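See structure below.
What follows draws every value from the coordinates through simple rules; no lab data is involved. None of the values given here were measured: they were computed from a predicted structure. Don't worry about glycine lacking a Cβ; one is built from the backbone with ideal geometry, like all the others, and counts go over all protein chains shown.
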Amino acid sequence: MQSRLLKTEVTLTESGFLFDHTTGLTYSLNSTGQFVFRRMQEEKDAEDTLRGILSEFAIDEDTARKDLDDYFRQLKELGLID
């Protein structure tokens, strides 16, 4: 698992909508997705983000690690991270 660089053309609203200024597309994030995205905005690395997930949400480490990897993969496929 590794951190990804967040593109600067992306904004997360307080209500959980992610807006890509480049494409004009909007995505709705659940509470976990918002948590991870905010950690990325704070330039937290993936391991620190994983520890945060484990302390904030009722999830085991293996599942959290897999879900975080999947989340990064999805963001990359959407062109929201490098």
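Taking θ = phi - 60°, what integer Hz values does the Karplus form 6.51 cos²θ - 1.76 cosθ + 1.60 yield along region 60-71, in sequence order, with x for Gly and Pro?
Once rounded to whole Hz, the list reads 7, 4, 4, 5, 4, 4, 5, 5, 5, 4, 4, 4.
Pick out, from F72, T11, L54, the residue whose Cα sits farthest towards the positive end of the charge dipole of the chain, with +1 on the Cβ of Lys and Arg and -1 on the Cβ of Asp and Glu.
Of the options given, the answer is T11.
Tell me, what HN-Hα J-couplings in whole Hz come from the Karplus equation 6.51 cos²θ - 1.76 cosθ + 1.60 at θ = phi - 60° for each residue of region 44-54, using x for Gly and Pro?
Once rounded to whole Hz, the list reads 6, 7, 4, 5, 5, 5, 4, 4, x, 4, 5.
Karplus couplings for region 6-15 from phi (6.51 cos²θ - 1.76 cosθ + 1.60, θ = phi - 60°), rounded to Hz, Gly and Pro as x?
7, 6, 6, 8, 10, 10, 10, 7, 4, 8
What size of dipole, in debye to the nearest 20, comes out for region 1-68 about its Cα centre when the only charges are +1 on Lys and Arg C-beta atoms and -1 on Asp and Glu C-beta atoms?
Numbers: 8 positive and 13 negative charges, 29 e Å.
Approximately 140 debye in magnitude.
Sorted by packing (mean other beta-carbon atoms within 10 Å per residue), highest first, where do 47-56, 15-24 land? Numbers along the way, then the final one.
Numbers: 47-56: 15.2, 15-24: 12.7.
The packing order, highest mean first, is 47-56, 15-24.
Mind listing P(r) for region 10-77? All alpha-carbon pairs, 5 Å bins, whole percents.
Reading the bins upward from 0: 4, 16, 28, 26, 17, 7, 3, 0.
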